[in-house]
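> The structure under discussion is supplied below as structure tokens; questions concerning it will follow.
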Ligand code: DX5
Ligand code: ZN
């Protein structure tokens, strides 16, 4: 199953509902919300009020990528605002296990993110408790950056670890995913594809999303979409996010 997680960072904020609708018509399946604090990353975006504003305008899951210091202080507010998934950066979590437990305790799907310079191996102990691992394929902070190929080996390694450990976390990739790079990330094993600037463009958002998904699905292994024999549900999380009831 390939998910297109469209990043609203690249959308026209003045017409956000229309932008989300267009990306959804094009086949987008998850709304990716990039939260930046001006400390962990050199940019500021939005906080829980944006999630609260999005919640009534879409049935799609809201995937909140926290690029912030002290995420524990803000996790409850994002959960309360309507987040379905919250991912935290490994680099800012000295007590990563506790932070992921915190997210799961609020009935939100927990994810962990690693920057380009952070090794996959730093996650081994927490892999059984995450719904998804997000591999950054750019240094976080801005949309529209060039894809870093070093992300591909990390995606492959995560897929190997998942099989070896009998886990079923999902693999997400974020940054520079476009029509030229999408096949390589899917072949490496990524299933949740974040894309911002490759999707949103005035008058072309729907067709951009559709084309990106077409290229992604064409690159997916034949068996994609069917559960692998070794997959099983993690003990403390739902396997797939469900759209919220209104
Ligand atoms: C970068 C963000 C990304 C960004 C992706 O810090 O985490 O989600 O919006 O943008 P594109 O797809 O333009 O690289
Ligand atoms: Zn992101």
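The values are calculated or read from the model by the stated rules, or taken from the named source; none is laboratory data. The model shown is predicted, which means the values in this text are computed figures rather than measured ones. No Cβ is skipped: glycine too gets one built from the backbone with ideal geometry, and neighbour counts run over all protein chains shown.
> Between a residue in the stretch 143-168 that is on the phi > 0 side of the Ramachandran plot and any residue that is crowded, with 18+ Cβ neighbours inside 10 Å and outside any loop (DSSP other than H, G, I, E, B), which pairs come within a Cβ distance under 9 Å, given they are 6 or more apart or on different chains?
Cβ pairs passing all conditions: 144/10.
> Here are some residues: 133, 126. Which one is under 23 Å from residue 156 (Cβ atoms) and either under 15 Å from the mean Cα position of the chain (by Cα) or within 16 Å of ligand 1 (Cβ to nearest atom) (or both)? Outline the logic, then answer.
Working: 126 fails: either under 15 Å from the mean Cα position of the chain (by Cα) or within 16 Å of ligand 1 (Cβ to nearest atom) (or both).
After applying the criteria, what remains is 133.
> If residue 121 passes every condition in (1) buried (at least 19 other Cβ atoms within 10 Å of the Cβ); (2) farther than 22 Å from residue 43 by Cα but one, which one does it miss?
Checking residue 121 against (1) buried (at least 19 other Cβ atoms within 10 Å of the Cβ); (2) farther than 22 Å from residue 43 by Cα, the one that fails is (1).
> Counting just the residues of the stretch 187-209 that are more than 15 Å from ligand 1 (Cβ to nearest atom) and crowded, with 17+ Cβ neighbours inside 10 Å, which one comes out nearest to the chain's Cα centre (by Cα)?
Restricting to residues being more than 15 Å from ligand 1 (Cβ to nearest atom) and crowded, with 17+ Cβ neighbours inside 10 Å, the top hit is 191.
> Collect the residues in the stretch 156-177 that are within 16 Å of ligand 1 (Cβ to nearest atom) and touching a helix residue (DSSP H, G or I) at 6+ places or on another chain (Cβ under 7 Å), keeping them in residue-number order.
Once the filter is applied, which keeps residues that are within 16 Å of ligand 1 (Cβ to nearest atom) and touching a helix residue (DSSP H, G or I) at 6+ places or on another chain (Cβ under 7 Å), the stretch 156-177 yields 171, 173, 177.
> If you scan the stretch 63-113, which residues turn out to be touching a helix residue (DSSP H, G or I) at 6+ places or on another chain (Cβ under 6 Å) and in a strand (DSSP E or B)?
Answer for the stretch 63-113, where residues must be touching a helix residue (DSSP H, G or I) at 6+ places or on another chain (Cβ under 6 Å) and in a strand (DSSP E or B): 64, 86, 88, 110, 112.
> Does the stretch 9-30 include one or more residues that are within 14 Å of ligand 1 (Cβ to nearest atom) and assigned to a strand (DSSP E or B)?
Yes, that holds for at least one residue.
> Further question on the same structure: Failed condition for residue 42, given (1) in contact with a strand residue (DSSP E or B) (Cβ under 6 Å, 6 or more places away or on another chain); (2) within 20 Å of residue 138 (Cβ to Cβ), with all others met?
With respect to (1) in contact with a strand residue (DSSP E or B) (Cβ under 6 Å, 6 or more places away or on another chain); (2) within 20 Å of residue 138 (Cβ to Cβ), residue 42 is out only on (1).
> Then there is this: Among the residues of the stretch 157-171, which ones are under 17 Å from residue 87 (Cβ atoms) and in contact with a strand residue (DSSP E or B) (Cβ under 8 Å, 6 or more places away or on another chain)?
Across the stretch 157-171, the qualifying residues are 158, 162, 169, 170, 171.
> Only one of these is at pLDDT 95 or above and in a helix (DSSP H, G or I): 4, 54. Name it.
The conditions single out 54.
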